[in-house]
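Working notes, beginning with the structure itself.
The values are calculated or read from the model by the stated rules, or taken from the named source; none is laboratory data. From a predicted model like this one, the values you see are computed outputs, not experimental measurements. With ideal geometry, Cβ positions are generated from the backbone for all residues, glycine too; neighbour counts draw on all protein chains shown.
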Amino acid sequence: MFFDRVEVEFQAGKGGDGCMSFRREKYVPKGGPDGGDGGRGGSIILEARLGVNSLAQFATRKFFRADKGGFGMGALRHGKNGRDLHLYVPCGTSIIDVEDGFVIKDLTQVGDQFTICRGGRGGHGNARFKTAQNQAPRERELGQPGETRHVIMELKSIADVGLIGKPNAGKSTLLSRISSARPEIADYPFTTKYPNLGIVDVDAERSFVLADIPGLIEGASEGIGLGHEFLRHVERAGLLVHLIEPTPMDGSDPIENYAAIRDELQHYDETLADRDELVVLTKCELDSDNSVQQSLQAYFDEHPANHSRELRAISAAADIGLQGLVNEIMERVTRRREEMLEAGITPTPIRQDDAPVTPKKNRRVPPHKAAATEGLSNEVQPQDVQGASTLSDTGKVVPGERRERSS
């Protein structure tokens, strides 16, 4: 099941208590204090990772706690630090404080990390309190409690293109024809109950992410219907593809349907209403005389918009105009990505292969492979190498011609 909004409580680990101990050994009657400090409690770290598409792991478990620190011990032994708890979330997850309602952090890029709860500091042992005046302190510190956060995790999908329109306008059908996604498709409204994401591969090097949300109806911005719960998934989309059915099943006017959805976008978010838009007339085989398309074009001419808008006609069932629509979307997505790069914003990778590769740390090399004997082995001994006493510029043996051993 798809989860895009969950309420979770996080608690970092408590720090370990300090130890009160005195050195007791034979023939050492006054060894003095030797109580060690407690370990630090584990922190909780959230990380945006490519390949995580839902908040399902947080829907079934509402409370997460990190490990606590170990107690300090005698002989000045420090307690074990608690292990940090790393949790992975999808890219585009917003962390919202429940009590105040403000956004604590927005994890949009792959690899973004955020320590939502810091572990408590370990308490000091009695060895820390030794002074010239107090040489046998009998006091210690208890570990500090870890931070606690009660938050709402809200997912806003990172999609290049958002599909919007009335129920049964053909959004899921279009998504299934141009991508490998397989959403549920039926001939009744509100078949789509949760957002569907699909990757559209234009060629070997170009692709974009398409988000299909449940159909919008009038009053969606006020909580009517299903689409209002998922409008957040197209907030990050740079391009909106608005699908219009020429002959709606309920007998409504397609132009009035278009205007109603534009009003809902305006009420939900003004910036979303000013986003670039492609208006697509679906099921164009039902508009044989192009009367609906001409009426829409006339409406656009009479009501100019503040954003880029273009009208196209397609038929997903008859495979009419799909390739031209995909190419137009790809061109607009490419231009937006170039603008993001110029502004210093890195577009989110689509697949795991597109993510930046973190270089691995060089492992420690054994001495016999890192010193001047690197070029030697069981087959190549020092006496077999001419000029073995001479080193290269890097301080390593340069194997030369092998010498014949005397019998």
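Here T108 meets each of (1) surrounded by fewer than 16 Cβ atoms within 10 Å (Cβ to Cβ); (2) more than 29 Å from G16 (Cβ to Cβ) with one exception, condition (1). Considering (1) under 22 Å from the mean Cα position of the chain (by Cα); (2) assigned to a loop (DSSP other than H, G, I, E, B), the lone condition that G38 does not fulfil carries the number (1).
If you scan the range 300-350, which residues turn out to be part of a loop (DSSP other than H, G, I, E, B) and within 17 Å of C284 (Cβ to Cβ)? Scanning the range 300-350 gives I314, A316, A317, A318, D319, G321. Can you confirm whether L85 is among the hydrophobic types (A, V, I, L, M, F, W, C) and within 30 Å of T346 (Cβ to Cβ)? It is true that L85 is among the hydrophobic types (A, V, I, L, M, F, W, C) and within 30 Å of T346 (Cβ to Cβ).
For every residue, the table says whether it meets (1) at pLDDT below 85; (2) under 27 Å from V333 (Cβ atoms).
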| residue | (1), (2) |
| --- | --- |
| E235 | yes, yes |
| L240 | no, yes |
| E277 | no, yes |
| E302 | no, no |
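On inspection, G13 passes the criterion of being farther than 30 Å from N134 by Cα and at pLDDT 95 or above. Restricting the range 18-29 to residues that are in contact (Cβ under 8 Å) with a residue 12 or more places away in the chain and surrounded by fewer than 24 Cβ atoms within 10 Å (Cβ to Cβ), the residue that is nearest to A66 (Cα to Cα) is M20.
Please tell me if A298 is in contact with a helix residue (DSSP H, G or I) (Cβ under 7 Å, 6 or more places away or on another chain) and loosely packed, with under 12 Cβ neighbours inside 10 Å. Answer is no for this residue.
Yes/no per residue for (1) modelled with pLDDT of 70 or more; (2) in contact with a strand residue (DSSP E or B) (Cβ under 7 Å, 6 or more places away or on another chain); (3) over 19 Å from K283 (Cβ atoms):
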| position | (1), (2), (3) |
| --- | --- |
| A186 | yes, no, no |
| F190 | no, no, no |
| G223 | no, no, yes |
| H228 | no, no, yes |
| L243 | yes, yes, no |
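Filtering the range 95-136 to residues that are part of a loop (DSSP other than H, G, I, E, B), closer than 19 Å to M73 by Cα and in contact with a Gly (Cβ under 6 Å, 6 or more places away or on another chain) leaves G120, R121, G122, G123, H124, G125. Going residue by residue through the range 137-154, is there one that turns out to be in contact with a helix residue (DSSP H, G or I) (Cβ under 9 Å, 6 or more places away or on another chain), farther than 27 Å from N257 by Cα and not in a loop (DSSP other than H, G, I, E, B)? Looking through the range 137-154, at least one residue is in contact with a helix residue (DSSP H, G or I) (Cβ under 9 Å, 6 or more places away or on another chain), farther than 27 Å from N257 by Cα and not in a loop (DSSP other than H, G, I, E, B).
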